[in-house]
Amino acid sequence: MPIRNRLAEMQPEIAAWLRAFGCDEVVEGIGRTGVVGLIRGRGGRGRVIGLRADMDALPIAETTGLPYASKSPGVMHACGHDGHTAMLLGAARYLAETRNFAGAVAVIFQPAEEGGAGADAMVKDGLMERFDIAEVYGMHNSPGLAVGTFSIRPGPFYAAMDTFQITVTGRGGHAAMPHKVVDTTVVAGQMLMALQTIASRNADPVEALVVSVTSFRTDSESFNVIPQVVTLRGTVRSFDPGLRDLAERRIVEICERTAAVFDATALVDYRRGYPAMVNHEAETAFAAEAAGRVTGKVIADAPAIMGGEDFAFMLLARPGAYIQIGNGETASVHHPMYDFNDEAIPAGCSFWVELVESRLPVAS
């Protein structure tokens, strides 16, 4: 499907494609740069379901060497959002041509999933109310899952995603005279190890919680200087709202009190990101059944994932479900060698069509 290979250059043209397909209404600028096409079925006005594809890229330099590799230095579709967009465009074209459904379908092309909370922006911009969407569905490719196989689960599927930055300030000085300084590297090192006790000693061991320090930086690069400031950065992943609150509280307490023991200070900047993405039970069953009719290969009890997904905001606004589609044995998402597998496109398009036609059947 050549349209997929050009999408890195064509995001501004998605609306033009939808108009060319014959969508009854095409609206741009929802959530700043989101695009929605409305396709009406047979029998007049009725229930509306939303189908969402994300369409942003990542700040990664592509190394695939493919003919359709990104032409923008340092930017690539490293998560398959170009493929998601292609699949939904393919479904939109078919649905606009056949209209073998009642009610209406809103095909949603969402920007800024990669950390920009584009789903939240679209919801706050009135997406659900403007198109009277009753339920909403999303889909994402999954490297390592066989092409033609779908996976889904009811309840919490993707984790809440928070970030933190801890600025530790002491008193820098000469490395040969540690007794005259407040060594921020020692203080920050103690914090780094103590933060691991949140998951191991504060959280219920049957609940999922990840606290990861991913960056340790000082304001000095010299061998003989004890730095004045050390900055720690990291992420927290959780499913349970109470556990999320616990993690935030304990990070602040551990860092401030550890710093005080060493006569240093710690400033914690904790930021809530995407909430946990929770699939609604009935809609999950509908999606799994539709996927089963397409390929017969569905994992209906897929394991929960500690990654984040801003489709969570849409599932807070309306009932719905999020499903994964196999990308085969490819490089992982967010890797410079990642490539969306075009062989997954027919199954993805067919899933969207089957979901619509089964959820909005035409009266016989």
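Annotations for the structure displayed:
- Odd one out for GLN324, checked against (1) surrounded by 19 or more Cβ atoms within 10 Å (Cβ to Cβ); (2) polar (S, T, N, Q); (3) part of a helix (DSSP H, G or I): (3)
- Some residue of segment 51-58 being assigned to a helix (DSSP H, G or I), buried (at least 20 other Cβ atoms within 10 Å of the Cβ), in contact with a helix residue (DSSP H, G or I) (Cβ under 8 Å, 6 or more places away or on another chain) and of a type outside the set (Ser, Thr, Tyr): no
- Scanning segment 115-129 finds no residues that are closer than 16 Å to LEU355 by Cα and in contact (Cβ under 8 Å) with a residue 60 or more places away in the chain.
- Filter result (in contact with a strand residue (DSSP E or B) (Cβ under 6 Å, 6 or more places away or on another chain) and assigned to a strand (DSSP E or B)) within segment 217-228: ARG217, THR218, ILE226
- Restricting attention to segment 229-255, the residues being in a strand (DSSP E or B), farther than 14 Å from GLN196 by Cα and of a type in the set (Gly, Ala, Ser) number 1.
- Criterion: buried (at least 17 other Cβ atoms within 10 Å of the Cβ), in a helix (DSSP H, G or I), in the same structural domain as THR330 (by TED's automatic domain parsing) and at pLDDT 95 or above - qualifying residue of ALA20, ALA8, ALA16, ALA91: ALA91
- So ALA86, is it in a helix (DSSP H, G or I) and within 30 Å of SER364 (Cα to Cα): no
- Test: VAL362 is aliphatic (A, V, I, L, M), surrounded by fewer than 20 Cβ atoms within 10 Å (Cβ to Cβ) and over 18 Å from ALA159 (Cα atoms): yes
- Every residue from segment 291-316 that is within 26 Å of PRO111 (Cα to Cα) and in a helix (DSSP H, G or I): ALA291, PHE311, ALA312, PHE313, MET314, LEU315, LEU316
- Candidate set from segment 109-125 (those that are small (Gly, Ala, Ser) and at negative phi); member that is surrounded by the fewest Cβ atoms within 10 Å (Cβ to Cβ): GLY116
- Restricting segment 249-292 to residues that are within 11 Å of ALA160 (Cβ to Cβ) and surrounded by 14 or more Cβ atoms within 10 Å (Cβ to Cβ), the residue that is farthest from the chain's Cα centre (by Cα): VAL278
- Checked against the criterion of being in contact (Cβ under 8 Å) with a residue 60 or more places away in the chain and surrounded by fewer than 15 Cβ atoms within 10 Å (Cβ to Cβ), the candidates GLY144, GLY148 yield just one match: GLY144.
The values are calculated or read from the model by the stated rules, or taken from the named source; none is laboratory data. Since this is a predicted model, take the numbers as computed values, not measurements. FYI the Cβ positions are ideal-geometry reconstructions off the backbone, even for glycines, and counts take in every protein chain you see.
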